Amino acid sequence: MQQTRKEHFALVWRFLKPHVWIFALALLFSMLNTVFSSLTPQVVRTAVDCILGGEPFPAPVQAALAAFPQAAGSPITLLLFAAGALLLVSACSGLSTYMSRMQTAKGSESFVKSLRDALYRHIQRLPYAWHVQHSTGEIIQRCTSDVEVVRNFVANQLLEVFRTVFLVAFSLFIMFSMNWRITLIACCFLPVILLYSGFFYSKIAARFRTADEAEGDLSAAVQENLTGVRVVRAFGREAYEVERFDKKNERFASLWIRLGQMLSAYWGVGDLITGLQILTVICCGVAEAVNGSITLGEFLAFVSYNQSLVWPVRGLGRILSEMSKAGVSIERVSYILRSEPEEDLPGALTPPMDRDIAFHHVSFAYEGQPVLRDISFTIPAGKTFAILGGTGSGKSTMMHLIDRLYDLPHDCGTITIGGVDIARISRPYLRRNIGMVLQEPFLFSRTIRENIAAVRPGASLEEIRAQAGTAHVDEAILEFSEGYDTIVGERGVTLSGGQKQRVAIARTLMQDAPILIFDDSLSAVDAETDAEIRASLHKAKGSATVILISHRVTTLMQADCILVLDGGCVAEMGTHSELLAKNGIYRRIYDIQMSSADRDLLAEGGKDPGGAQTEERGRV
């Protein structure tokens, strides 16, 4: 829903208020600059009428010259005095401009820093579902380009409005004191210019919004291409991506060309109206000067003041067009700040987390598409619980619900830990006590050491290496020339898929959480390494509850309990032996996946896994 101008102003004022005194100083110096600049035509008027034309000096000038009686009879000396006065006025005007711009820069940067900080903090608190619905490129565009438009509006257009109003009022006051008839003629054109500018303002806002959204689409396309550069190269999609970018870029360019056409028409017609106003004033001024109603110096000064009057009013069109852009950008920035962040219920709990996890008649859907249907089961504390199911069966969704990345809607069941509904548990506390490793883990563009220690920044290298050893990645890291100080590159592109997964496992183990979730996080390693990692995890996990999700039966068969999902429902549940005996879905998957080599590997030191016992190293 679009906001009103009042709401736009409220948003700007929220971040402007702490720095308003800086902008007040900038406005004060800007007004002083206007006053000093208005003295220049008066000096020229005095020089033309009084020094060259022989007219008597105005009273203030006579009082000033009384201190220099030797200069009163010398026109050359008086001209030099006039030149000195012009220099002094220009110096004061320049100093005022300098101070005004300094304060404007200080105020605008303070304002935009506060806005950026608020945006970033708010984005960090927005739900995972919100991020899923919005592309990264669009969010970045709102936080960069749109924020810059708002900054430009506050630093330039907003101050320019106040300065223009003061300049117009000051110029009209002087012009009326000089010749009210010509001033009235000059004012006749001002409503035409203002109405024309207002009409233009109403037309450009909608087009700018469309162009701004097209820029967001363009940014998203670039971001996706750069993020997925390996996929683009692997499948030879360069030509397709170039064509896709060209289409978006062509639409973006055409929208701005249309905006340029509107601007060109506005400035062209505006120049015509402004030229007619100046021509009318000059003609009337010449007639008044010929009739002797005004002097030549007054005529020159009047024309100068008219320029000071008409061009700022003329510039209101530019200011209004920028205001329309700012209005769109403020709306786009405000959309983020209005989005509801994650909030805990009043009196959020922090119960012990080393307890049973229970799903009670849980159902969940994405945008009306059911994923989980009346799921009920219990994960005993300290045990290893495995989940097996086809793609789209809801395995990962269950883990997202446990971590409250998604909240269960009302009347869609409950999830409890130790009998406490997780909806009543503090989110930060819950997530600190749940370690999760995803199938496609995200690594920051930092060193391997920093990535593993992300959850415990003060951890020693010995602690980091201990967890990396558990994840069977320590030796691979030491093979790099920089070891643990190796920069992994954006999104971990320096590492292989298996190495990234193992680094992510080490990072999760650093968290020392009572609940560990491995969401198909061993898919990129071979079966033997998989078994070795699981054996190490079994020794290291202690009393932690471990939840394993995998498509690989060998990863899951040693769990204390295995749950089989089918179509979002619990199809089977039991131990490996019990599920084999049922000859159901699990048995079919087992028979498909298990080769003779897998059977020999698992039978080393024990019986066939289809029978009963297996090697302890595989138990997690």
Qualifying residues in region 125-142 (those that are closer than 22 Å to T210 by Cα and either aliphatic (A, V, I, L, M) or not assigned by TED's automatic domain parsing to the domain that holds W13 (or both)) - the one surrounded by the fewest Cβ atoms within 10 Å (Cβ to Cβ): I140
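So for region 274-287 (the condition being surrounded by 14 or more Cβ atoms within 10 Å (Cβ to Cβ), farther than 30 Å from E213 by Cβ and under 42 Å from the mean Cα position of the chain (by Cα)), does at least one residue qualify?
Yes: one or more hits.
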Can you tell me which residue among A83, A67, A91 is out of contact with any helix residue (DSSP H, G or I) (no Cβ under 8 Å at 6 or more places or on another chain), at pLDDT 90 or above and either surrounded by 14 or more Cβ atoms within 10 Å (Cβ to Cβ) or not basic (K, R) (or both)? A91
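In region 294-311, is there at least one residue being under 28 Å from H8 (Cβ atoms) and either without any contact (Cβ under 8 Å) to a residue 40 or more places away in the chain or not charged (D, E, K, R) (or both)? Break it down stepwise before answering.
Residues of region 294-311 that are under 28 Å from H8 (Cβ atoms), as a first pass: 311.
Narrowing the set further to residues that are either without any contact (Cβ under 8 Å) to a residue 40 or more places away in the chain or not charged (D, E, K, R) (or both) leaves 311.
Yes: region 294-311 contains one or more residues that are under 28 Å from H8 (Cβ atoms) and either without any contact (Cβ under 8 Å) to a residue 40 or more places away in the chain or not charged (D, E, K, R) (or both).
So, D411, is that one of a type outside the set (G, A, S) and either touching a helix residue (DSSP H, G or I) at 6+ places or on another chain (Cβ under 9 Å) or crowded, with 20+ Cβ neighbours inside 10 Å (or both) or not?
Working: of a type outside the set (G, A, S): yes; either touching a helix residue (DSSP H, G or I) at 6+ places or on another chain (Cβ under 9 Å) or crowded, with 20+ Cβ neighbours inside 10 Å (or both): no.
It is false that D411 is of a type outside the set (G, A, S) and either touching a helix residue (DSSP H, G or I) at 6+ places or on another chain (Cβ under 9 Å) or crowded, with 20+ Cβ neighbours inside 10 Å (or both).
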It is to be established whether one or more residues within region 143-150 are surrounded by 14 or more Cβ atoms within 10 Å (Cβ to Cβ) and farther than 21 Å from R5 by Cα. no
What are the residues in region 538-593 that are in contact (Cβ under 8 Å) with a residue 24 or more places away in the chain and β-branched (V, I, T), if any? T545, V546, I547, I549, V553, T554, T555, I562, V564, V570, I589
From the list L226, L255, L218, L276, which one is farther than 28 Å from T144 by Cβ, of a type outside the set (D, E, K, R) and assigned to a helix (DSSP H, G or I)? L276
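Mind listing just one residue for me: the one in region 266-305 that is of a type in the set (G, A, S) and closer than 30 Å to I204 by Cβ and, of those, modelled with the lowest pLDDT?
At the first step, the residues of region 266-305 found to be of a type in the set (G, A, S) are 268, 270, 275, 285, 287, 289, 292-293, 297, 301, 304.
Then keep just the ones that are closer than 30 Å to I204 by Cβ; that gives 268, 270, 275.
Values: G268: 79, G270: 76, G275: 82.
My answer is G270.
Restricting the search to region 399-449, which residues are among the acidic types (D, E) and farther than 19 Å from A506 by Cβ?
Filtering region 399-449 down to residues among the acidic types (D, E) leaves 403, 407, 411, 421, 440.
Residues satisfying the conditions are D403, D407, D411, D421.
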Matching residues, region 384-402, being part of a loop (DSSP other than H, G, I, E, B) and buried (at least 16 other Cβ atoms within 10 Å of the Cβ): S393, G394
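Among what's in region 250-268 and is more than 11 Å from A211 (Cα to Cα) and of a type outside the set (F, W, Y), pick the residue that is nearest to the chain's Cα centre (by Cα).
Step one: of region 250-268, the residues more than 11 Å from A211 (Cα to Cα) are 250, 260-268.
Next, from what is left, pick out any that are of a type outside the set (F, W, Y): 250, 260-265, 268.
Working: E250: 25, G260: 27, Q261: 30, M262: 29, L263: 29, S264: 32, A265: 34, G268: 37 Å.
Among those residues, the one meeting the criterion is E250.
Taking A358 as the residue in question, decide whether it is closer than 18 Å to I549 by Cα and either without any contact (Cβ under 8 Å) to a residue 24 or more places away in the chain or touching a Ser or Thr at 6+ places or on another chain (Cβ under 7 Å) (or both). Lay out the reasoning, then the answer.
Working: closer than 18 Å to I549 by Cα: yes; either without any contact (Cβ under 8 Å) to a residue 24 or more places away in the chain or touching a Ser or Thr at 6+ places or on another chain (Cβ under 7 Å) (or both): yes.
Answer is yes for this residue.
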Which of the residues belonging to region 554-564 are modelled with pLDDT under 85 and surrounded by fewer than 24 Cβ atoms within 10 Å (Cβ to Cβ)? T554
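One line per residue, one yes/no per condition, for (1) part of a helix (DSSP H, G or I); (2) outside the structural domain of D512 (by TED's automatic domain parsing); (3) more than 22 Å from P370 (Cα to Cα):
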| site | (1), (2), (3) |
| --- | --- |
| S543 | no, no, yes |
| H551 | no, no, no |
| Q558 | no, no, yes |
| L563 | no, no, no |
| A571 | no, no, no |
| L579 | yes, no, yes |
| Y586 | yes, no, yes |
| Y590 | yes, no, yes |
In region 359-369, which residues are at pLDDT 90 or above and out of contact with any Lys or Arg (no Cβ under 8 Å at 6 or more places or on another chain)? F359, H360, H361, V362, F364, A365
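The values are calculated or read from the model by the stated rules, or taken from the named source; none is laboratory data. A quick note: this is a predicted structure, and the numbers were derived from the prediction, not measured. Reconstructed Cβ throughout: ideal geometry from the backbone, glycine too, with neighbour counts over all protein chains shown.
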